[in-house]
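One structure is given below, represented as structure tokens, and several questions about it will come after.
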């Protein structure tokens, strides 16, 4: 789903949660709305605001995936659905994009050195360049 459409639904959900006492819906629907709002506020908003910076995108995407993994303890179904959907958008993780992380202030020096070493060794390899981390790697 396009980010703008998703954010419209997120804002609408947050507004609905403000008026739950006035809504005529069952407890199950109110609870589901609460879970969605918790996900939006605790997991989604911060990365969404930071994804506009291309330099920070690769690192923030990995951080987002890690936060989804941690969120499994809170709500497994939402975490798995978000992880599955977001994983479909990792097609751009290539060596060329990986270089952007070298300019990101949030990435520590040790990680930057690993990226450099990885890029240096991959110059001579011919395998596919796209990288998608597994859940176990997170």
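The values are calculated or read from the model by the stated rules, or taken from the named source; none is laboratory data. This one's a predicted model, so the numbers in the text were calculated from it and none came from an experiment. Reconstructed Cβ throughout: ideal geometry from the backbone, glycine too, with neighbour counts over all protein chains shown.
Output the residues belonging to the range 80-122 that are touching a residue at least 40 places away in the same chain (Cβ under 8 Å) and under 16 Å from residue 60 (Cβ atoms).
Correct list: 82, 83, 87, 90, 97, 98, 100, 101, 103, 104, 106, 107.
Go through 73, 80 for me and flag whichever is under 27 Å from residue 136 (Cα atoms), surrounded by fewer than 10 Cβ atoms within 10 Å (Cβ to Cβ), at pLDDT 90 or above and out of contact with any helix residue (DSSP H, G or I) (no Cβ under 8 Å at 6 or more places or on another chain). Break it down stepwise before answering.
Values: 80 fails: surrounded by fewer than 10 Cβ atoms within 10 Å (Cβ to Cβ).
Checking each option against the conditions leaves just 73.
Looking at the range 86-103, which of its residues are closer than 30 Å to residue 37 by Cα and either surrounded by 12 or more Cβ atoms within 10 Å (Cβ to Cβ) or in contact with a helix residue (DSSP H, G or I) (Cβ under 8 Å, 6 or more places away or on another chain) (or both)? Step through it out loud before you land on a result.
Pass one, the range 86-103, residues closer than 30 Å to residue 37 by Cα: 86-93.
If the condition is that a residue be closer than 30 Å to residue 37 by Cα and either surrounded by 12 or more Cβ atoms within 10 Å (Cβ to Cβ) or in contact with a helix residue (DSSP H, G or I) (Cβ under 8 Å, 6 or more places away or on another chain) (or both), then 86, 87, 90, 93 are the ones that fit.
Which ones in the range 32-53 are assigned to a helix (DSSP H, G or I) and surrounded by fewer than 11 Cβ atoms within 10 Å (Cβ to Cβ)?
Answer for the range 32-53, where residues must be assigned to a helix (DSSP H, G or I) and surrounded by fewer than 11 Cβ atoms within 10 Å (Cβ to Cβ): just 49.
Tally the residues that are closer than 29 Å to residue 97 by Cβ and touching a helix residue (DSSP H, G or I) at 6+ places or on another chain (Cβ under 7 Å), restricting the search to the range 24-43.
Here the count works out to 3.
Just checking, how many residues over the range 1-31 are in a helix (DSSP H, G or I) and within 25 Å of residue 89 (Cβ to Cβ)?
Number satisfying all stated conditions: 12.
Please specify each residue of the range 104-119 satisfying the condition of being exposed (fewer than 14 other Cβ atoms within 10 Å of the Cβ), outside any helix (DSSP H, G or I) and touching a helix residue (DSSP H, G or I) at 6+ places or on another chain (Cβ under 8 Å).
106
Being under 13 Å from the mean Cα position of the chain (by Cα) and at pLDDT 90 or above is the filter here, so list the residues in the range 1-40 that pass it. If you could, list the steps in order and put the result at the bottom.
Here is the first cut: in the range 1-40, the ones under 13 Å from the mean Cα position of the chain (by Cα) are 3, 39-40.
Scanning the range 1-40 gives 39, 40.
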